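The values are calculated or read from the model by the stated rules, or taken from the named source; none is laboratory data. Note that the structure is predicted; figures quoted are calculated from it, not measured. Cβ coordinates were reconstructed from backbone atoms using ideal geometry, including for glycine residues, and neighbour counts include every protein chain displayed.
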Amino acid sequence: MTVIPQLDAVIIGGGIAGLWLANLLHGRGDRVALLEAEQLGCGQTLASQGIIHGGLKYALGGSLTSASQAIAGMPERWRDCLNGTGDVDLRGLTPLAAENLLFADGSGLGRFRTFFASRALRGRLRRLEPQFWPEALKGCSGWVYALNDLVIDTPALVERLARPQAERIYQHPFQADQATAIDDGWLLQLGEQRVQTQYLLLCAGTGNEGLLSGLGIDQLQMQRRPLRQVIVRSKRLKPLYGHCLTGISRPEPRLTITSHPDGNGWLWYLGGQLAGDGVNLDDAALIQHARSELTICLPWLDFSDAQLSILDIDRAEAAHHGQRPDQAFAKRQGSTIVCWPTKLSLTPDLGDRVLALLPKPSQHDLQDVPLKLPPAQSGLLRWSR
Ligand SMILES: Cc1cc2nc3c(=O)[nH]c(=O)nc-3n(C[C@H](O)[C@H](O)[C@H](O)COP(=O)(O)OP(=O)(O)OC[C@H]3O[C@@H](n4cnc5c(N)ncnc54)[C@H](O)[C@@H]3O)c2cc1C
């Protein structure tokens, strides 16, 4: 008689959510397997800007909103992980930047005077004197503040989380019709093999939508919020991590710039208002708008030789009337837990929520249960594919 392998949790999706939870659950003694349809990180995770932030950009309107308070402790949680004292061991992962900047050209503090003077923000940001400005901001006639955020190299993050779990991570596009509900969890038909699991953790990003309807979980809905990020390539670029607030008329950074190694130099990856507004523009109009925004935000730099391209991607989140949700999302429906971290930054919050939904791991011998599936490989950054 064939023995059906028993697992505590099968995780669907190998982005930040799935990889983080695989580490967290295995670390506490659960028998886990992760199934990734394509390559690890290939969804939103390797398209993200990698900023681990404490939500101060949501407080630009002048008050600490519930969004900014929920996320405030996240950079510290990530730093603990980087130091080996957090929920998940990220030692050896070096951030691309240890802080992120807020800057504006050609003006006094203006409407941000109250924001920067707020007592609640003390310890979370500090003014930088010009001698400490990065090369890319030398020439700015305004001000620069440093936030206690950090910027993570997302391919290195994916590798770091995948490495200790390599024997439990498989390449397999999971479909709802591969699952049959049983008394104590799910029976899964994975290729030739049958596997039993107590819990199914849906961490498939946009893929959760189809899995939810396939599994008959209609109460939980997903929303997509599209972005049109812009990639800037030029030999002249120097690394810069920051939000530009020059002349903004609504409380959202005009440009959010992160820098990523590209051949022998750097490329800039642009988000912020530009990427949201870009959804209403065609390609040519967005490229023209991006050039104009670069010139307004960084007029001391020459972008004449820069090549610009566009990366279209949807954010996948729990439905929240089309608005940005404030927190990570984890809801249990029988033996299924549906997860959306909402932000890379909020992944530790997602971990807390999932642990609160699961019973303590059962006492068993933590021997791996190898599945007859190929291993999943790490994906490439979206712009290098
Ligand atoms: C342009 C952009 C910039 C961002 N910048 C930031 C930032 O700077 N800071 C921040 O905090 N957050 C940021 N975010 C948000 C953050 O990237 C996401 O919240 C996070 O990456 C979502 O992770 P995830 O694991 O839920 O989903 P994903 O990374 O999308 O992973 C889902 C995985 O599931 C797999 N999958 C799908 N269907 C199946 C299936 N049927 N079977 C098996 N596997 C399946 C996919 O292949 C994919 O690998 C950004 C998002 C975008 C789009």
Flag if Ala98 is of a type in the set (A, V, I, L, M), within 16 Å of the ligand (Cβ to nearest atom), modelled with pLDDT of 95 or more and surrounded by fewer than 19 Cβ atoms within 10 Å (Cβ to Cβ): yes
Here are some conditions: (1) farther than 29 Å from Arg79 by Cβ; (2) among the small types (Gly, Ala, Ser); (3) more than 11 Å from the ligand (Cβ to nearest atom). Gly207 meets all but one. Which one does it not meet? (3)
Would you say Ala59 is surrounded by fewer than 22 Cβ atoms within 10 Å (Cβ to Cβ), under 24 Å from Arg315 (Cβ atoms), within 10 Å of the ligand (Cβ to nearest atom) and more than 16 Å from the chain's Cα centre (by Cα)? no
What's the number of the only condition in (1) within 16 Å of the ligand (Cβ to nearest atom); (2) outside any strand (DSSP E or B); (3) of a type in the set (Lys, Arg) that Lys360 fails to meet? (1)
Output the residues belonging to segment 7-40 that are in contact with a Gly (Cβ under 9 Å, 6 or more places away or on another chain) and surrounded by fewer than 20 Cβ atoms within 10 Å (Cβ to Cβ). Ala37, Glu38, Gln39
Inside segment 159-182, the number of residues satisfying the requirement of being under 22 Å from Pro370 (Cβ atoms), assigned to a helix (DSSP H, G or I), within 15 Å of the ligand (Cβ to nearest atom) and not acidic (Asp, Glu) is 5
Just for segment 33-51: of the residues that are hydrophobic (A, V, I, L, M, F, W, C) and within 6 Å of the ligand (Cβ to nearest atom), which one is farthest from Ala9 (Cα to Cα)? Ile51
Quick one: Leu137 ticks every box in (1) within 16 Å of the ligand (Cβ to nearest atom); (2) under 27 Å from the mean Cα position of the chain (by Cα) bar one, so which box is it? (1)
Condition check for Ala316: within 13 Å of the ligand (Cβ to nearest atom), part of a helix (DSSP H, G or I) and either hydroxyl-bearing (Ser, Thr, Tyr) or crowded, with 19+ Cβ neighbours inside 10 Å (or both): no
Could you list, in sequence order, all residues of segment 333-360 that are surrounded by 17 or more Cβ atoms within 10 Å (Cβ to Cβ) and touching a Lys or Arg at 6+ places or on another chain (Cβ under 6 Å)? Val338, Pro348
Being modelled with pLDDT under 95, within 27 Å of Leu215 (Cβ to Cβ) and among the aliphatic types (A, V, I, L, M) is the requirement here; does Leu344 meet it? no
Tell me, yes or no, whether segment 5-12 has at least one residue that is within 6 Å of the ligand (Cβ to nearest atom), closer than 22 Å to Asp87 by Cβ and in contact with a helix residue (DSSP H, G or I) (Cβ under 8 Å, 6 or more places away or on another chain). yes
Mind listing whichever residues of segment 183-203 are within 16 Å of the ligand (Cβ to nearest atom), of a type outside the set (S, T, N, Q) and assigned to a strand (DSSP E or B)? Trp186, Leu188, Leu190, Val195, Tyr199, Leu200, Leu201, Leu202
Tally the residues that are free of Cβ contacts under 8 Å to residues at least 60 places away in the same chain and surrounded by 14 or more Cβ atoms within 10 Å (Cβ to Cβ), restricting the search to segment 127-143. 3
Could you say whether any residue in segment 324-332 is surrounded by fewer than 16 Cβ atoms within 10 Å (Cβ to Cβ), within 24 Å of Leu56 (Cβ to Cβ) and within 16 Å of the ligand (Cβ to nearest atom)? yes
Matching residues in segment 210-225 - criterion: being assigned to a helix (DSSP H, G or I) and either crowded, with 17+ Cβ neighbours inside 10 Å or among the basic types (Lys, Arg) (or both): Leu211, Leu212
